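Student: Dropping the structure in here first, questions after.
The values are calculated or read from the model by the stated rules, or taken from the named source; none is laboratory data. Given the structure is predicted, the values throughout are model-derived calculations rather than measurements. For neighbour counting, all protein chains shown are included, and Cβ atoms are generated from backbone atoms with ideal geometry for every residue, glycine included. Each accessible area value is taken on the protein alone, full model and side chains, heavy atoms only, with ligands, DNA and RNA left out. Shrake-Rupley method; radii C 1.70, N 1.55, O 1.52, S 1.80 Å.
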Amino acid sequence: MDFDLSPWAEQWRNKLQTFFDAEVLPRHRAWVEHFADRSEAPPFMGDLQQKARAAGLWNLGLPELAGDEPGTRLSNLDYAPLAEIMGRLFWAPEVFNCQAPDVPNMIALQNCATPEQKARWLRPLLDAKTRSAFGMTEPDVASSDATNIATKMVRDGDDYVLNGRKWFITGAAHPNCTFLIVMGVTDADADRTRQHSCIIVPMQTPGVRLVRRLRWMGCEDHTAPIGELAFDNVRVPASNLLGEEGEGFKVAQVRLGPARIHHCMRSIGLCELLIELMMVRAFERSAFGRTVIQYDTVQRWIAESRVELEQARLLAYRCAWRLDQTGHHGAWRDVSLIKVAVPTMLQRIADRALQVFGAMGGSDDTPIHQALAWGRLLRIGDGPDEVHLRQIFRMEPTPAWSIANSPYLAAHPA
Ligand SMILES: Cc1cc2nc3c(=O)[nH]c(=O)nc-3n(C[C@H](O)[C@H](O)[C@H](O)COP(=O)(O)OP(=O)(O)OC[C@H]3O[C@@H](n4cnc5c(N)ncnc54)[C@H](O)[C@@H]3O)c2cc1C
């Protein structure tokens, strides 16, 4: 088995790393300071995006670009080490147009949109001329069960009329978010999995209201601020329907596989940074006559973090490889495995890093508490752990033998 990156992936990784070190990382302080009192993107973001695109570092997470659509066309497997580099800074993916929720939305549009919809909604996203959101979760129903989604989408002539409320919609509060893909009920009498549809809703449509901006565990997502939205008699042309009526789950699933694995790849990069931070801090600091790194406990935390990280990385690579080989249909199990493994690991490693840093670890001077919150979020967002664990369990084969006739067990006394 060859676990090395392909020369192709290696070449792209080196190129991205060089750009990241020269152009992105030096602006991190300015980025943090910018958002101390503002909410719009910092002025250097546009310049950085232009430079990244000119260097060919653009739309790195989209293997299936068509025609003249801009991007690298890397496979999911080749993208994995690149996503890790971007994952080291929460805002870095945007420089390369690789940020959530836009990339999963691009994938949904690639797979389900008509040529007209692609020209109007996908192309501007590919060019970073706009931002987008995906609206499924609702305050009034347990949204981890997508069949509960209750927003009404009623056909009226050439339009659909939407009524409902969505919350925790990532990116919906971004000033450049011009549209969102909304899931709603089009036929309450259909089979449970055919009741819902997805439709493209321009944010400026009368009746769409940003109720409030939400924070998560005290953290603000500046790259894709989270919103709660109300839809009051929102009239949208039926031509905005994404896929066929009743195909809402299909659209959601097409985007969820890549959304989940991309989050995991970036989180692995973040864990790599957390280990580095632990090392640096523990080597520099002394307590009770020794450097902190000399304490067995700290060495063990770092070693355990390394063990967990290497396991997770291999699982992420296999998941990416499966996605390349079989598409999302064949990769469901791996996506669920990685979706459970990585966020819990991120939480554990961030918790250790916070402890090693002492008080500073929980302050805004480090990214550690954000990493902790991010790990916690990923255990709920895109499907809670419990839902994935249930799916993983269901894919375990039913035993083919009984305790009494098992060749692996000692004979059972009669
Ligand atoms: C920061 C953030 C960003 C988000 N961004 C988006 C977004 O962009 N778009 C969007 O549509 N949604 C988004 N979400 C919402 C997220 O996807 C939902 O919160 C998630 O699907 C769970 O739905 P819920 O909150 O309604 O929890 P519920 O469905 O009420 O579930 C609550 C709990 O019930 C338990 N549970 C549920 N099902 C099972 C089961 N089968 N077995 C055992 N226990 C179970 C779990 O412990 C679960 O956490 C975001 C959430 C957060 C926190």
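Student: In the stretch 131-163, how many are assigned to a loop (DSSP other than H, G, I, E, B) and within 15 Å of T205 (Cβ to Cβ)?
Tutor: Counting residues in the stretch 131-163 that are assigned to a loop (DSSP other than H, G, I, E, B) and within 15 Å of T205 (Cβ to Cβ) gives 2.
Student: Being among the basic types (K, R), outside the structural domain of L62 (by TED's automatic domain parsing), within 16 Å of the ligand (Cβ to nearest atom) and outside any loop (DSSP other than H, G, I, E, B) narrows it down to one residue among K118, K166; which is it?
Tutor: K166
Student: Moving on to the next point. Based on this model, can you work out whether I226 counts as among the aliphatic types (A, V, I, L, M) and within 11 Å of the ligand (Cβ to nearest atom)?
Tutor: Considered against the rule, which asks whether it is among the aliphatic types (A, V, I, L, M) and within 11 Å of the ligand (Cβ to nearest atom), I226 comes out as yes.
Student: Please go through the stretch 175-215 and pick out each residue that is within 15 Å of the ligand (Cβ to nearest atom) and without any contact (Cβ under 8 Å) to a residue 12 or more places away in the chain.
Tutor: Within the stretch 175-215, just R215 meets the criteria.
Student: Might you let me know whether the stretch 198-216 holds any residue that is modelled with pLDDT under 95, surrounded by fewer than 22 Cβ atoms within 10 Å (Cβ to Cβ) and closer than 17 Å to F90 by Cα?
Tutor: yes
Student: Moving to a separate point now. State which residue is nearest to the ligand (Cβ to nearest atom) when the search covers only the stretch 366-379 and only residues that are assigned to a helix (DSSP H, G or I) and open to solvent by 20 Å² or more (accessible area, probe 1.4 Å).
Tutor: Out of the qualifying residues, it is L377.
Student: Moving on. Which one of G218, G171 is within 14 Å of the ligand (Cβ to nearest atom), touching a Pro at 6+ places or on another chain (Cβ under 7 Å) and at positive phi?
Tutor: G171
Student: Among the numbered conditions (1) without any contact (Cβ under 8 Å) to a residue 40 or more places away in the chain; (2) out of contact with any Asp or Glu (no Cβ under 8 Å at 6 or more places or on another chain); (3) within 16 Å of the ligand (Cβ to nearest atom); (4) open to solvent by less than 90 Å² (accessible area, probe 1.4 Å), tell me where T326 comes up short.
Tutor: All conditions are met except number (3).
Student: Considering every residue within the stretch 345-363, establish whether at least one is open to solvent by less than 40 Å² (accessible area, probe 1.4 Å), in contact (Cβ under 8 Å) with a residue 24 or more places away in the chain and either among the hydroxyl-bearing types (S, T, Y) or in contact with a Pro (Cβ under 8 Å, 6 or more places away or on another chain) (or both).
Tutor: Within the stretch 345-363, none of the residues are open to solvent by less than 40 Å² (accessible area, probe 1.4 Å), in contact (Cβ under 8 Å) with a residue 24 or more places away in the chain and either among the hydroxyl-bearing types (S, T, Y) or in contact with a Pro (Cβ under 8 Å, 6 or more places away or on another chain) (or both).
Student: Pull out all pairs, ordered by first then second residue, where Cβ-Cβ is under 7 Å, the residues are six or more apart or on different chains, the first lies in the stretch 134-145 and is of a type in the set (A, V, I, L, M, F, W, C), and the second is part of a loop (DSSP other than H, G, I, E, B) and near the ligand (Cβ under 6 Å from one of its atoms).
Tutor: F134/P101; M136/S143
Student: For D382, work out the one condition from (1) within 13 Å of the ligand (Cβ to nearest atom); (2) part of a helix (DSSP H, G or I) it doesn't fulfil.
Tutor: Among (1) within 13 Å of the ligand (Cβ to nearest atom); (2) part of a helix (DSSP H, G or I), D382 violates only (2).
Student: In the stretch 32-65, what count of residues is obtained for those that are in a helix (DSSP H, G or I), aliphatic (A, V, I, L, M) and open to solvent by less than 30 Å² (accessible area, probe 1.4 Å)?
Tutor: Residues meeting the conditions: 3.
Student: Here is a follow-up. For the stretch 1-59, which positions are closer than 26 Å to E310 by Cα and basic (K, R)?
Tutor: Result: R13, K15.
Student: Then there's this: Mind listing whichever residues of the stretch 298-308 are closer than 13 Å to V356 by Cβ and open to solvent by 80 Å² or more (accessible area, probe 1.4 Å)?
Tutor: Passing the criteria: Q299, R300.
Student: Residues of the stretch 2-31 being surrounded by 15 or more Cβ atoms within 10 Å (Cβ to Cβ) and assigned to a helix (DSSP H, G or I), which ones?
Tutor: A9, W12, R13, K15, L16, F19, F20, E23, V24, R27, H28, W31
Student: Within the stretch 96-112, is there a residue that is part of a loop (DSSP other than H, G, I, E, B), of a type outside the set (A, V, I, L, M, F, W, C) and touching a strand residue (DSSP E or B) at 6+ places or on another chain (Cβ under 8 Å)?
Tutor: Yes, the stretch 96-112 contains at least one residue that is part of a loop (DSSP other than H, G, I, E, B), of a type outside the set (A, V, I, L, M, F, W, C) and touching a strand residue (DSSP E or B) at 6+ places or on another chain (Cβ under 8 Å).
Student: A follow-up question, please. Restricting the search to the stretch 148-197, which residues are of a type in the set (F, W, Y) and open to solvent by 50 Å² or more (accessible area, probe 1.4 Å)? I'd like the intermediate steps shown before the answer.
Tutor: Taking the stretch 148-197 as the starting set, the residues that turn out to be of a type in the set (F, W, Y) are 160, 167-168, 179.
Answer for the stretch 148-197, where residues must be of a type in the set (F, W, Y) and open to solvent by 50 Å² or more (accessible area, probe 1.4 Å): W167, F168.
Student: When the residues of the stretch 122-145 are narrowed to those that are in contact with a Phe, Trp or Tyr (Cβ under 6 Å, 6 or more places away or on another chain) and either open to solvent by less than 40 Å² (accessible area, probe 1.4 Å) or more than 7 Å from the ligand (Cβ to nearest atom) (or both), which ends up farthest from N105 (Cα to Cα)?
Tutor: P139
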